[in-house]
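So the structure is just underneath, and the comments pick up after that.
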Amino acid sequence: MSKVMFTSHATAKGGREGHVKSDDGLIDLNLVQPGSGSSEKGSNPEQLFAAGYSACYDGALNLIASREDKDIDSTVTADVSLMEDPEDNGFQIGVRLNVEIKGVSQAEAEDLAKKAHDFCPYSKATRGNINVEVIATAV
């Protein structure tokens with residue numbers, strides 16, 4: 001059985017047009033449905049997922065690079081899309097991870113990105129459930 005290292009807590013009320021707050025108050029956001037025409041400012045579940053996934057993946061990438069004695073500087077941008085799924089009359093999400101890595105060749109960037117995708121907890125959680133595309137670029 002896996003050992004729990006820590007647990008985070010957040011509570012949502014009102015769904016996509018409600019509010020979300022973490023137990024420590026660091027996240028305390030109104031939620032607004034994109035495209036709803038609302039003049040309210042707020043986040044949405046896809047934006048929050050993008051923030052978490054990009055941070056987790058970048059951490060995995062840097063850990064893999066350090067284990068291979070590679071000195072890199074990286075930036076990861078997660079594009080998370082909400083899409084209609086006509087097959088189940090519902091919705092699904094898709095992710096594109098744009099990974100920019102300084103300090104390595106294009107081949108090394110692609111290798112590190114693949115290894116990070118194999119290692120990252122978010123990638124493991126989504127594997128086989130949603131489409132995740134990883135685009136690695138040496139800069």
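The values are calculated or read from the model by the stated rules, or taken from the named source; none is laboratory data. All of these numbers come straight from a predicted model, not from anything done at the bench. So basically every Cβ, Gly included, is an ideal-geometry build from the backbone, and we count neighbours across all protein chains shown.
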>> For a quick check of your reading: which strands (runs of 3 or more DSSP E) sit entirely within the stretch 1-91 and have at least 1 residues that are under 30 Å from Ala109 (Cα atoms)?
In response: 73-85
> Failed condition for Val32, given (1) in contact (Cβ under 8 Å) with a residue 40 or more places away in the chain; (2) closer than 18 Å to Gly14 by Cα; (3) of a type outside the set (S, T, N, Q), with all others met?
Replying inline: (1)
>> Tell me the residue from Ala65, Ala50 that is over 17 Å from the mean Cα position of the chain (by Cα) and either closer than 16 Å to Thr137 by Cα or touching a residue at least 12 places away in the same chain (Cβ under 8 Å) (or both), please.
In response: Ala65
>> If Thr137 satisfies all but one of (1) more than 15 Å from the chain's Cα centre (by Cα); (2) part of a loop (DSSP other than H, G, I, E, B); (3) of a type in the set (S, T, N, Q), what's the number of the condition it fails?
In response: (2)
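Of Asn30, Asn44, which residue is surrounded by 11 or more Cβ atoms within 10 Å (Cβ to Cβ), out of contact with any Leu (no Cβ under 8 Å at 6 or more places or on another chain) and of a type outside the set (A, V, I, L, M)?
Sole residue among the options that is surrounded by 11 or more Cβ atoms within 10 Å (Cβ to Cβ), out of contact with any Leu (no Cβ under 8 Å at 6 or more places or on another chain) and of a type outside the set (A, V, I, L, M): Asn30.
Within the stretch 4-31, can you find the residues that are aliphatic (A, V, I, L, M) and in contact with a Lys or Arg (Cβ under 7 Å, 6 or more places away or on another chain)? I'd like the intermediate steps shown before the answer.
If we filter the stretch 4-31 for residues that are aliphatic (A, V, I, L, M), which is where we start, we get 4-5, 10, 12, 20, 26-27, 29, 31.
Matches in the stretch 4-31: Ala10, Ile27, Leu31.
Looking at the structure I just gave you, is Val80 closer than 15 Å to Cys120 by Cα and in contact with a strand residue (DSSP E or B) (Cβ under 9 Å, 6 or more places away or on another chain)?
Working: closer than 15 Å to Cys120 by Cα: no; in contact with a strand residue (DSSP E or B) (Cβ under 9 Å, 6 or more places away or on another chain): yes.
The answer is no for Val80.
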>> List the residue pairs whose Cβ atoms are under 8 Å apart, where the first residue sits in the stretch 107-133 and is closer than 17 Å to Ile72 by Cα, the second is among the hydroxyl-bearing types (Ser, Thr, Tyr) and outside any loop (DSSP other than H, G, I, E, B), and the two are 6 or more positions apart or on different chains.
In response: Ala109/Thr137; Ala116/Tyr57; Ala116/Ser123; His117/Tyr57; His117/Ser123
> Across the stretch 92-130, what is the total count of residues that are part of a strand (DSSP E or B), modelled with pLDDT of 95 or more and of a type outside the set (A, V, I, L, M)?
Replying inline: 5
> Looking only at the stretch 49-93, which residues are surrounded by 14 or more Cβ atoms within 10 Å (Cβ to Cβ) and either among the basic types (Lys, Arg) or assigned by TED's automatic domain parsing to the domain that holds Glu17 (or both)?
Replying inline: Lys70
> Which number in (1) out of contact with any Pro (no Cβ under 9 Å at 6 or more places or on another chain); (2) over 29 Å from Gly103 (Cβ atoms); (3) aliphatic (A, V, I, L, M) marks the one condition that Leu31 misses?
Replying inline: (1)
